[in-house]
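Take a look at the structure below.
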Amino acid sequence: MLASDQDEWEALWRLTGVTSPRPLAEGNEIAIGIFLGVRQASGYIIQIRGLKRAGEDSDVIWTENRVAAPEQALPISSPWAIATFARGQEEIRLKHGL
């Protein structure tokens, strides 16, 4: 999920059940949230590694993220991660499995 204004930022954090840590710097940054949904084990790790251009002439940026599954089954969880990035003029799309 993407958030580019304060309302979207607050909505993103509401999905986590945690209060947003600070206001979003509207116009200067964008937030990206990765939510895996309910899993039958805890211990998942989500890393939002950064943004990657789709091509040299492209104005599209992809997120680079990695999800690591736990080695042993633990209680049910709902893993998530949120990161902010400086905002440019590019369109941002999420691409999973990088």
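The values are calculated or read from the model by the stated rules, or taken from the named source; none is laboratory data. Being a predicted model, the structure only gives us computed values, none of them experimental. Note: ideal-geometry Cβ built from the backbone for every residue, glycine included; neighbour counts use all protein chains shown.
Here Ala41 qualifies as surrounded by 14 or more Cβ atoms within 10 Å (Cβ to Cβ), at pLDDT below 85, of a type in the set (A, V, I, L, M, F, W, C) and not in a strand (DSSP E or B). Within the stretch 13-29, being under 20 Å from Gly88 (Cα atoms) and not in a loop (DSSP other than H, G, I, E, B) holds for one residue alone: Glu29. Residue check: is Leu2 under 16 Å from the mean Cα position of the chain (by Cα), touching a residue at least 12 places away in the same chain (Cβ under 8 Å) and buried (at least 17 other Cβ atoms within 10 Å of the Cβ)? For Leu2, the condition - under 16 Å from the mean Cα position of the chain (by Cα), touching a residue at least 12 places away in the same chain (Cβ under 8 Å) and buried (at least 17 other Cβ atoms within 10 Å of the Cβ) - is not met.
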